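Read the structure below first, then the notes.
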Amino acid sequence: MFLQDLKIFKLTYELGSMNQTAKNLGFAQSNITARLQSLENDFDIQLFERTHSGVKPTEAGTAFYNYAVTVLKMTDELQHQPSFRKKQDRVLITELLFNFLVIEKKQYPLDQYDFSLIKTSELLKNLQTNPKIVITYKTLNEPHYQLRETGILPAKFYRTPQTFDLTHKPLLINSDSLCPFRKASLTLAPKHTALEIDSFANILELVAKGQGWALLPTHMVLNSPVKAIETFPKQNISYNIYQHI
């Protein structure tokens, strides 16, 4: 994970933006922020100053950039030596399932797999790259992939404790047209005004600030000041894990 953190830092330094780093790597911005904070805590330094236009490296951050470039270059040279080469299994997975299975449950160690975070609507296009493992809400009917495991992602509708009249707040849904959370939201609350948001991390932040309400996985809200809306039933969002054969 340390090498991955160095790569995240290096890209953020070069782009000057955590948001752009998240988009380039296919991560949620909250994950980028957490990894950079972990580096700062480990080395007891401040790497960046946050500005309205992005981030600006500190003097220590510039020195650390030179260190990161050196370590990553030496590691790359070492890994390209025949005796050190190790092929990692590539995993196609959505943002929420990555947060749930990789970050929360630690079912897939970060240093043992190569993750590609995709939207559900992008699944078929990305299958052409022959990933080893595919974790998706969809049912695959591909001859080279075998169903290995199924699971459930428990979810509920959430609001802030201060939000009682839902008619004056938008229902926040994911912008991915094939997202099952989006489909369930529009099915259970068809008469409410819906607002599309690209990231579930941003949806949760908006709900926590009282700017809307949404269907979210229960594990995602454990440390957030939101409250379940009991008038809506609990949802069990199913997912499937496939392996290339």
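Per DSSP H run of n ≥ 4, the term is -39500 (n - 2.57); total these for the chain, divide by its residue number, and report the mean residue ellipticity at 222 nm rounded to 500 deg cm²/dmol.
After summing the helix terms and dividing by the residues of the chain, the value is -10500 deg cm²/dmol.
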Next item on the list: Output the pairs from Lys106/Lys156; Lys10/Lys119; Lys7/Lys119; Lys132/Lys209; Lys105/Lys191; Lys191/Lys234 with a Cα-Cα distance over 29 Å in this structure; if there are none, say none.
Entry: Lys132/Lys209; Lys105/Lys191
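Take the alpha-carbon positions of the chain, form their convex hull, and give its projected area averaged over all directions (one quarter of the hull surface) in nm².
With the hull built on Cα positions only, its mean projection is 15.4 nm².
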Note to self: If you wrap a convex hull around the alpha carbons of segment 153-238, what volume per residue comes out, as a whole number of Å³?
What the structure shows: 84
Notebook entry, point to check: Leu140 label point, 7 Å along Cα→Cβ, cut-off 12 Å on backbone N: hits in segment 147-190?
Noted result: 147-149
Check: Charges only on Cβ, +1 for Lys and Arg, -1 for Asp and Glu: so what's the dipole of the chain about the Cα centre, in debye to the nearest 20?
Finding: 680
Item checked: Loop-resident sites, segment 151-245, for GluC sites (Glu not before Pro), counting at most 10 other Cβ within 10 Å (DSSP) -> Glu230
Check: Are there any helices in the chain, counted as whole DSSP H runs, that stretch 15 Å or more along their axis by Cα and score at least -1.0 on average by Kyte-Doolittle, and if so which?
Finding: 2-15, 29-43, 59-79
Notebook entry, point to check: Given H placed on each backbone N at 1.01 Å, which residues far from Ala194 in sequence or on other chains put an amide H within less than 5 Å of it?
Noted result: Leu171
Next item on the list: Wrap a convex hull around the Cα atoms of segment 1-53, take a quarter of its surface area, and give that in square nanometres.
Entry: 3.4
Notebook entry, point to check: Farthest toward the dipole's positive end in the chain, which of Asn236, Val134, Leu206, given Cβ charges of +1 (Lys, Arg) and -1 (Asp, Glu) about the Cα centre?
Noted result: Asn236
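Each reported figure results from applying straightforward, stated rules to the coordinates on display, with no laboratory input. A quick note: this is a predicted structure, and the numbers were derived from the prediction, not measured. A quick note on method: Cβ atoms are made from the backbone with ideal geometry, for glycine too, and the neighbour counts reach across all protein chains shown.
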